[in-house]
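For reference, the structure is listed below as C-alpha cells.
The values are calculated or read from the model by the stated rules, or taken from the named source; none is laboratory data. These numbers come from a predicted model, not from an experiment. FYI the Cβ positions are ideal-geometry reconstructions off the backbone, even for glycines, and counts take in every protein chain you see.
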Amino acid sequence: MNPVDTSRRAFLGGTAAFAGVALAPGILLYEYAAAKAPGEAVSSAVRWGMLVDTTRCASGCTACVDACHSEHGVPKPARPTDAQWIRKVELKDLRTGAVRSAPVMCQHCAEPPCVDVCPTGASFKRADGIVLVDRHTCIGCRYCMMACPYKARSFVHEPTAGQKTDTPRGKGCVESCNLCVHRVDRGGTPACVEACADAGHRAIVFGDLNDPASEIAQRVRAATTTQLRADLRTDNGVRYLGL
Amino acid sequence: MSTRPAPAHRSPPAWPSGTAPRGFAALAAAGAAVLAVALGAAHYMEEHGHVVTGMGNQVVWGLPHVFALFLIVASSGALNVASVGSVFGEAAYKRRAPVSALLALALLAGGLMVLVLDLGRPERLVVAATHYNFRSIFAWNMILYNGFLAILVAYLWTNLERRFVPLSTPVGILAFVWRIVLTTGTGSIFGFLVSRQGYASGLVAPLFIAMSLAWGLAVFLLVQGALARWHDAPVPEAFRLRLRRLLGVFVATVAYLTAVLHLTNLYWAKQAAFERFILVDGAPYAWLFWAGWAGVGTAVPLVIAFHPRLAGPRATTIAALAVIAGAFAQLYVFIVGAQAFPLEIFPGYATSSAFRDGAVAPYVPSLPEALLGLGGIALAYLIVLAGARLFDVVPRGIDAPAADGGG
C-alpha cells in the first residue's frame with residue numbers, strides 16, 4: 001500500500017481556505033446589493049425618511065443621541081461649541097401642559113435651506129433625499145447654520161480625535177446627521193433607530209417614504225404626522241407623530 | 001508748514017519735491033502694527049479652531065461679522081461723493097471722487113479680509129472662487145464684491161489718468177449701479193434667511209442701502225477731515241456743510257426703515273416675543289438698540305446735522321463718529337441679537353434641551369475676534385494712507401464758487 005500523500009491534502013486545504021477568503025466579501029456584497037450596489041448611483045425613486053413617535057419616546061432617554069455620537073466618533077457634547085448631530089428636546093404644550101420628548105436631527109428636507117444658501121455647493125442633497133456636507137468643498141462660512149430652521153448643524157470648533165473611517169470630520173467644517181448614509185447604502189438602518197429599538201422604545205422608524213409597502217409609508221398614511229416648521233414648506237424627510 | 005501751489009484741478013506730479021505730507025512712515029508703521037496683531041489673532045483662531053472665539057453653534061456669526069458687515073456696507077456708501085460727482089455731474093463732488101473711490105476700495109478690502117480670515121477653512125478661498133452655487137446669495141455676493149473692486153480700480157484709473165477722464169462718467173455710473181446691487185445682495189444675505197425671526201424680510205435690502213449711505217458718508221467725512229489736515233488742504237466750509245446735512249438725511253432714512261421693520265414685526269403675533277427680546281428685555285441687545293443705535297447713532301447726529309449752532313467742523317466730526325458708533329450697535333443687535341434669540345422649532349411648546357433649545361444663547365466676544373475686526377479697519381486705513389501718498393487724490397486749492405454755492 002502506498003503511503004498517503006499528505007502534501008496533496010495540505011494543498012487542497014489551502015486552496016479551499018483561499019477560495020473561502022476570496023468569496024466571502026463577494027457573498028457579503030451580494031447581501032448589500034439588495035440595497036444598492038457599490039458604484040451604483042442613488043435613485044430618486046427612493047426617499048429615505050424617519051418617523052419619530054413622540055408618544056413612545058421616553059423623557060430623559062438618550063439612547064439615540066449616545067448611539068449616534070458613538071457611531072460617528074463625535075465626542076459627548078458638553079459645551080455650546082461641541083457638535084451635536086442629534087439632541088433630545090423636552091416639550092411642554094403651553095396650553096394643555098402635555099409633556100413630550102423628541103429627538104431632533106437634520107430633517108433631510110426636500111427643499112433644504114442649507115443647500116440653497118451654501119456658496120460652494122458643499123451642502124448637497126442626494127437623489128434619495130439624504131442631505132450631506134462635502135468636507136472637501138466646505139469653507140466653514142456657517143451660512144448653512146444661519147439658514148437651518150432646526151439648529152441641526154454643528155461647526156467643528158477644534159481639532160478632532162478618534163475619527164471613524166465612515167465619518168470623516170475636520171476642524172473648520174460644518175457637519176450634521178447624515179442619516180448614517182454608510183449603513184443605509186449597505187442596506188442597514190441608522191444607529192439611532194437601532195439604539196431606540198434596543199432600548200425597547202421603537203420610537204423611530206426608518207424607511208423609504210416612496211415605497212407604499214414600507215412600515216414608515218404605511219404609518220404616515222395611517223396617522224396625522226407633523227413636519228417641524230411645516231410653514232416653511234421644506235418638505236422634511238423626518239416626520240413626528242403625537243405633536 | 002509748507003505752502004503749495006493751488007492748482008485749478010488735480011495736476012501731476014502729486015507731490016512737488018520736498019512737499020510730501022509729514023510722518024508717512026510713522027503713520028504706516030502704526031497701521032501695519034495693528035494689522036500684524038490682527039493677522040496673528042487670525043492665525044491663533046486658525047490653529048486652535050473657533051473654540052477660542054465666543055461663537056458657538058447657535059451664535060455662529062459674531063463680532064468679526066459685525067466689523068466685516070460694517071466695512072462692506074460702509075464701502076458702498078463711501079462711494080456717495082463719487083456717485084454724486086459722476087452720475088449727477090456736481091463739480092465739487094467730482095473733484096473728490098478719487099478719495100471717495102479709494103475709500104470704498106479700502107473699506108471693502110478690509111471687510112473681505114475679516115470675512116475670509118474668519119472662515120473655518122480660509123485656505124480654501126480658491127474653492128470658493130471656483131465652486132459656485134448660483135442659488136446662494138452668498139455666491140452672488142462674492143461676484144459682486146470682486147466686481148466692485150475691479151470697477152473701483154477702473155474708476156480710479158479713469159479719474160487719475162488724464163487721457164481716460166472722459167471715461168470716468170460711464171464707469172462712475174456703472175459703479176453707482178453696481179454698489180446699489182451689491183448692498184442689495186449684502187442685505188439679502190440676511191433677508192433670505194426664512195427661518196430666523198430677526199431676518200426674513202424684503203425690507204432688509206433697502207435698509208442696508210440706507211445704512212450704506214449713512215455709514216459710508218460718516219466714514220468719508222472723517223477721512224476727508226484727516227486727509228485735509230495731513231495735506232494742509234482744508235475742506236471748503238460750504239462742501240462740508242452740504243455733506244453734514246446729507247448725513248442727517250441718510251440717518252433719518254435709516255431710522256425710518258428700521259422703525260418700519262420693527263413696527264411690521266410688532267403687528268405679527270408670531271414675532272412679538274422676538275421684538276420684546278430686541279426692544280425690551282434682551283440684555284445687552286435692547287440697551288444697545290435704544291442707547292447705542294437710537295440715542296448715539298441716530299438722535300445725536302440728527303441734532304448736529306440740523307441744528308444751526310452745531311455747524312462747526314468739530315460737531316461734524318462728532319456726528320460722523322456717533323453714526324459709526326450707532327452702526328456698530330445696530331449691527332451687533334441685528335447680527336448677534338437675532339441669533340441669540342432661540343429658534344422657534346416647536347410653535348406652541350416650551351422647549352428645553354442639552355443644546356439650549358428654547359434658551360437665549362450667550363455670546364461674549366473674545367479678544368482674537370475683536371483684534372481680527374480691528375485688522376479690517378487697519379487694512380482699510382493702510383490702503384487709504386498708501387493711496388493718498390502714491391496718487392494725487394486729495395483736492396487742493398479752491399473749488400469754483402459755483403460748485404460750492406449750493407448748500
Checklist entry - Which of the residues belonging to region A:84-112 are more than 22 Å from the chain's Cα centre (by Cα) and assigned to a loop (DSSP other than H, G, I, E, B)? => result A:Leu94, A:Arg95, A:Thr96, A:Gly97, A:Ala98
Checklist entry - A:Arg135: of a type in the set (Lys, Arg) and farther than 25 Å from B:Leu115 by Cα, yes or no? => result no
Checklist entry - Residue check: is A:Arg229 of a type outside the set (Phe, Trp, Tyr) and out of contact with any Asp or Glu (no Cβ under 7 Å at 6 or more places or on another chain)? => result yes
Checklist entry - Would it be correct to say that A:Gly200 is among the small types (Gly, Ala, Ser), surrounded by fewer than 16 Cβ atoms within 10 Å (Cβ to Cβ), touching a residue at least 40 places away in the same chain (Cβ under 8 Å) and away from chain B (no Cβ under 14 Å)? => result no
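Conditions tested, residue by residue: (1) buried (at least 19 other Cβ atoms within 10 Å of the Cβ); (2) at positive phi; (3) at pLDDT below 95.
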| residue | (1), (2), (3) |
| --- | --- |
| B:Leu221 | yes, no, no |
| B:Ala238 | no, no, yes |
| B:Val251 | yes, no, no |
| B:Pro284 | no, no, no |
Checklist outcome for this item: Scanning region A:217-243 for residues that are under 20 Å from A:Arg126 (Cα atoms) and buried (at least 20 other Cβ atoms within 10 Å of the Cβ) gives A:Thr234, A:Asn236, A:Gly237, A:Val238, A:Arg239
Next on the checklist: Any residue at all in region B:105-120 that's surrounded by fewer than 18 Cβ atoms within 10 Å (Cβ to Cβ) and within 14 Å of chain A (Cβ to nearest Cβ)?
Outcome noted: yes
Checklist entry - Considering only region A:141-172, how many residues are touching a strand residue (DSSP E or B) at 6+ places or on another chain (Cβ under 7 Å) and farther than 30 Å from A:Asn210 by Cα? => result 4
Next on the checklist: Considering only residues that are in a helix (DSSP H, G or I) and either over 13 Å from A:Ser70 (Cα atoms) or more than 15 Å from the chain's Cα centre (by Cα) (or both), which ones fall in region A:172-193?
Outcome noted: A:Val181, A:His182, A:Arg183, A:Val184, A:Val193
Checklist entry - What residue, of A:Ala33, A:Ala78, A:Ala37, A:Ala41, is within 14 Å of chain B (Cβ to nearest Cβ), farther than 17 Å from A:Tyr240 by Cβ and modelled with pLDDT under 95? => result A:Ala78
Next on the checklist: Just to verify a result, which residue in region B:147-184, among those that are under 30 Å from B:Phe341 (Cα atoms) and crowded, with 22+ Cβ neighbours inside 10 Å, is nearest to the other protein chains (Cβ to nearest Cβ)?
Outcome noted: B:Leu182
Checklist outcome for this item: Over region B:36-65, the set of residues more than 8 Å from every other protein chain (Cβ to nearest Cβ) and surrounded by fewer than 18 Cβ atoms within 10 Å (Cβ to Cβ) is B:Ala36, B:Val37, B:Leu39, B:Gly40, B:His43, B:Tyr44, B:Glu47
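So that you can scan it fast, the table gives a plain yes or no per residue for (1) in contact with a helix residue (DSSP H, G or I) (Cβ under 9 Å, 6 or more places away or on another chain); (2) in a loop (DSSP other than H, G, I, E, B); (3) within 11 Å of chain B (Cβ to nearest Cβ); (4) of a type in the set (Asp, Glu):
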position: A:Cys114; (1), (2), (3), (4): yes, no, yes, no
position: A:Met145; (1), (2), (3), (4): yes, no, yes, no
position: A:Glu158; (1), (2), (3), (4): yes, yes, yes, yes
position: A:Ala161; (1), (2), (3), (4): no, yes, no, no
position: A:Gly170; (1), (2), (3), (4): no, yes, yes, no
Checklist entry - For region B:371-380, does any single residue satisfy the condition of being more than 16 Å from the chain's Cα centre (by Cα) and either within 14 Å of chain A (Cβ to nearest Cβ) or at pLDDT below 95 (or both)? => result no
Checklist entry - Can you name the residue in region A:81-102 that is facing chain B (nearest Cβ under 7 Å), in contact with a Ser or Thr (Cβ under 7 Å, 6 or more places away or on another chain) and of a type in the set (A, V, I, L, M, F, W, C) and is also nearest to B:Met55 (Cα to Cα) among such residues? => result A:Val89
Checklist entry - modelled with pLDDT of 95 or more and outside any helix (DSSP H, G or I): does that describe A:Cys68? => result no
Next on the checklist: Within region B:250-272, take every residue that is among the hydrophobic types (A, V, I, L, M, F, W, C) and without any contact (Cβ under 8 Å) to a residue 24 or more places away in the chain and give me the one that is nearest to B:Leu217 (Cα to Cα).
Outcome noted: B:Ala259
Checklist entry - So, of the residues in region B:126-140 that are more than 8 Å from chain A (Cβ to nearest Cβ) and outside any loop (DSSP other than H, G, I, E, B), which turns out to be modelled with the highest pLDDT? => result B:Trp140
Checklist entry - From the residues in region A:172-197 that are under 25 Å from B:Thr53 (Cα atoms) and hydrophobic (A, V, I, L, M, F, W, C), which one is farthest from the other protein chains (Cβ to nearest Cβ)? => result A:Cys177
Checklist entry - All but one of (1) under 25 Å from B:Gly77 (Cβ atoms); (2) out of contact with any helix residue (DSSP H, G or I) (no Cβ under 7 Å at 6 or more places or on another chain) hold for B:Val126; which doesn't? => result (1)
